[in-house]
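K.L.:
Sharing a structure here in structure tokens format.
The values are calculated or read from the model by the stated rules, or taken from the named source; none is laboratory data. Treat the numbers as computed from the prediction; the structure is a model and nothing was measured. Quick reminder, even Gly has a Cβ in these numbers, built from the backbone with ideal geometry, and neighbours come from all protein chains shown. Areas reflect the complete protein model, heavy atoms only, side chains present, ligands, DNA and RNA absent. Shrake-Rupley method; radii C 1.70, N 1.55, O 1.52, S 1.80 Å.
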Amino acid sequence: MPPLPRALALLLVSSLLVVAPGAATGSAAARPPAGDPPSSTPPSSPGPGAARWEWPLEPPVRMIAPFLAPPTPYAAGHRGIDLAAVPGTGVRAAADGVVAFAGPVAGRDVLSIDHGGGVVSAIEPVEASVAVGDRVAAGQAVGVTTTGGHCDAVCVHFGVRVHGEYVSPLWFLGGLPRAVLLPLSG
């Protein structure tokens, strides 16, 4: 299938992803559609603070745009996932870590958390209620959504980097199915 129609199909299908209240992270309800390809190599070791990851919003969580890895490091892509949220929605730390940055970047408020082992998450637009250097726990309230950026007033953008390379946050949230190689039929 050509790249544009496939990307469009993934966007449409992924908009149906909803995490029901009380659904466990990594449960079938939290998984994206089976057609969502692994967009980057999964981290081999997420690091010491990454043992328990949670959605950064309270359930139900609705993903409105998936991670789309760029073909090269500087090409266009979507280096995170967009989750439906209106301004004032509470934001939680996705995993234990230390606040690495909290402030404006290019007209929008950004919050970054260092989870150790080279893993950093970022969410925007978010007005942080925590400060640089604060230790946070998975699920802890860390701010509220604001406006700005491509998610202006309709969503928050949630991204994860491993040693500086963007990967799909769904690797940490238990949402990407593992690839299975099947034998060739003769």
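K.L.:
List the strands (runs of 3 or more DSSP E) inside region 97-181, counting only whole elements, that have at least 2 residues being among the β-branched types (Val, Ile, Thr) and surrounded by 21 or more Cβ atoms within 10 Å (Cβ to Cβ).
P.N.:
119-124, 141-145, 155-162
K.L.:
Name, by its number, the condition in (1) without any contact (Cβ under 8 Å) to a residue 24 or more places away in the chain; (2) touching a Leu at 6+ places or on another chain (Cβ under 9 Å) that does not hold for His157.
P.N.:
The number of the failed condition is (1).
K.L.:
Select from region 65-77 the residues that are touching a helix residue (DSSP H, G or I) at 6+ places or on another chain (Cβ under 9 Å) and either hydroxyl-bearing (Ser, Thr, Tyr) or part of a strand (DSSP E or B) (or both) and write down the one among them that is most open to solvent (accessible area, probe 1.4 Å).
P.N.:
Among those residues, the one meeting the criterion is Leu68.
K.L.:
Does Leu57 count as in contact with a Leu (Cβ under 7 Å, 6 or more places away or on another chain) and either part of a loop (DSSP other than H, G, I, E, B) or surrounded by fewer than 16 Cβ atoms within 10 Å (Cβ to Cβ) (or both)?
P.N.:
yes
K.L.:
Among what's in region 126-167 and is at positive phi and of a type in the set (Gly, Ala, Ser), pick the residue that is farthest from the chain's Cα centre (by Cα).
P.N.:
Going through the qualifying residues, I end up with Gly133.
K.L.:
Being within 18 Å of Ala131 (Cβ to Cβ) and either touching an Asp or Glu at 6+ places or on another chain (Cβ under 8 Å) or without any contact (Cβ under 8 Å) to a residue 24 or more places away in the chain (or both) is the filter here; which residues of region 70-92 pass it?
P.N.:
Hits for region 70-92 are Gly90, Arg92.
K.L.:
OK, next. Could you list, ordered by first residue, the pairs with Cβ atoms under 9 Å in which the first is in region 141-154 and at pLDDT 95 or above and the second is polar (S, T, N, Q), at least 6 apart or interchain?
P.N.:
As it stands, the answer is Ala141/Ser129; Val142/Ser129; Gly143/Ser129; Val144/Thr89; Val144/Ser129; Thr145/Thr89, since those pairs meet every condition given.
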